[in-house]
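Visitor: Just passing along the structure, written as structure tokens.
The values are calculated or read from the model by the stated rules, or taken from the named source; none is laboratory data. Note that this is a predicted model, so its numbers are computed, not measured. For neighbour counting, all protein chains shown are included, and Cβ atoms are generated from backbone atoms with ideal geometry for every residue, glycine included.
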Amino acid sequence: MIKNFENIEIVEPPIEELTKKRAWGGACLTSLVLLVVLLIIFIIGLRLYIGSGPQTYRTVPNSFPSDVPVYDKNNVEKITFISARYKERGIGIATLLPKLILSPILYNDEGAGNTVKKILAGTEAGNKKSDTIQIEWHGLNSEPSFIVSYYKKELAKKNFKIDVESTGKNIRQFSFSREDGVSGSIYALGNTEKNPATEYLLLTVNIAKWCAKNF
């Protein structure tokens, strides 16, 4: 059976409709490009505002307190410096979003608002304005107990106070501080039953910005 194609009419889309589709696609592409550019500018601005991140040193920086001994300098594996500016502004930005989300509660609900304010205030108060230097070792021949005892004795000679101390099966650690704004901690890891040595040692020293110039 032969069909009659004479009555078939091909309808083409109006020129106005094609123009609208092209204009809409161009607008979407422009918006996407603009969004990417703004995102790049935001990231660059954020990096400039926060400052440089953790920096790695080969030797102990000059700002490190001379009163804090560095155990076995020749076998230090890594030294990391984290500036106070980076910590302060980084934490500030990290807590900005929760503050914005909770802001209606802070100002509308008196009871819940006071609770949230206390939490946020505690977070900000704990953000001390201090530079941090971390020194790491791996595979030291001395046992963790010996290294910890060494540090406790040497720090006591320099008027440091032992704040918190804890001992586990394979871990020994304690924190220390002094009134001049220098504080830190010692963390030693090692399974002495298998090997009388220290697998990992971490010395963390915090230097308050107002006392850093003294060292």
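Visitor: Does region 158-170 include one or more residues that are free of Cβ contacts under 8 Å to residues at least 60 places away in the same chain, surrounded by fewer than 20 Cβ atoms within 10 Å (Cβ to Cβ), in contact with a helix residue (DSSP H, G or I) (Cβ under 7 Å, 6 or more places away or on another chain) and within 24 Å of S66 (Cα to Cα)?
Guide: Among the residues of region 158-170, at least one is free of Cβ contacts under 8 Å to residues at least 60 places away in the same chain, surrounded by fewer than 20 Cβ atoms within 10 Å (Cβ to Cβ), in contact with a helix residue (DSSP H, G or I) (Cβ under 7 Å, 6 or more places away or on another chain) and within 24 Å of S66 (Cα to Cα), which makes the answer yes.
Visitor: Answer yes or no: is there a residue in region 134-143 that is modelled with pLDDT under 95, surrounded by 12 or more Cβ atoms within 10 Å (Cβ to Cβ) and among the β-branched types (V, I, T).
Guide: Looking for residues that are modelled with pLDDT under 95, surrounded by 12 or more Cβ atoms within 10 Å (Cβ to Cβ) and among the β-branched types (V, I, T), one finds none in region 134-143, hence no.
Visitor: Let me ask something else about it. Within region 184-194, which residues are surrounded by fewer than 20 Cβ atoms within 10 Å (Cβ to Cβ) and in a strand (DSSP E or B)?
Guide: If the condition is that a residue be surrounded by fewer than 20 Cβ atoms within 10 Å (Cβ to Cβ) and in a strand (DSSP E or B), then S185, Y187, L189 are the ones that fit.
Visitor: Can you tell me which of (1) in contact with a Gly (Cβ under 7 Å, 6 or more places away or on another chain); (2) in a loop (DSSP other than H, G, I, E, B) is the one F176 doesn't meet?
Guide: So the condition that F176 fails would be (2).
Visitor: State yes or no: is N159 modelled with pLDDT of 90 or more and out of contact with any Lys or Arg (no Cβ under 8 Å at 6 or more places or on another chain)?
Guide: Spelling it out, it is not the case that N159 is modelled with pLDDT of 90 or more and out of contact with any Lys or Arg (no Cβ under 8 Å at 6 or more places or on another chain).
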